[in-house]
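One structure is given below, encoded as structure tokens.
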Amino acid sequence: MKTDKKNKSLRYPLKNIPDGTAKGFEITDENARFSIFIARNGSSVFAYENSCPHTGSPLDWVPDQFFCKDGKNLMCATHGAIFEVDTGLCIDGPCIGDSLRSLEANILEGEVVITF
């Protein structure tokens, strides 16, 4: 992982995030510390703040465990809210209709680039 604090971005090798998995990161800058994760679905990547809109708790119950058992959606470990991978929209659980806070995610030269 490489962070560029001046441009507020993170770069991480795409090959280190297998399809159907996600990878969490802690980001620290001079003003704050926050948690994000990158989810991979095929050739697409999506980045979100690691905070459930229902309680503000992290989604992963153990490091990097963001997906439901079926591998199709994301799940909050605290109350079982289910989120679409590509939109972050809660489709089941206590925060239905709310969304995860998304971050800009692109793939550039084999790396995922997240802007925050």
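The values are calculated or read from the model by the stated rules, or taken from the named source; none is laboratory data. The structure presented is a predicted model; accordingly, all values stated were derived computationally and were not measured. Cβ: placed from backbone, ideal geometry, glycine included. Neighbour counts: every protein chain shown.
Quick notes on this structure:
- Some residue of the stretch 33-41 being in a loop (DSSP other than H, G, I, E, B) and free of Cβ contacts under 8 Å to residues at least 40 places away in the same chain: no
- Residue tally, condition at pLDDT 90 or above and either on the phi > 0 side of the Ramachandran plot or not in a strand (DSSP E or B) (or both), over the stretch 1-32: 8
- Single residue of the stretch 27-42 satisfying the filter (over 9 Å from the mean Cα position of the chain (by Cα) and under 17 Å from THR115 (Cβ atoms)) that is surrounded by the fewest Cβ atoms within 10 Å (Cβ to Cβ): ASN31
- Answer from PHE46, PHE66 - the residue that is among the aromatic types (Phe, Trp, Tyr) and under 16 Å from GLU104 (Cα atoms): PHE46
- Residue within the stretch 7-19 that is in contact (Cβ under 8 Å) with a residue 40 or more places away in the chain, β-branched (Val, Ile, Thr) and in contact with a Phe, Trp or Tyr (Cβ under 6 Å, 6 or more places away or on another chain) present: no
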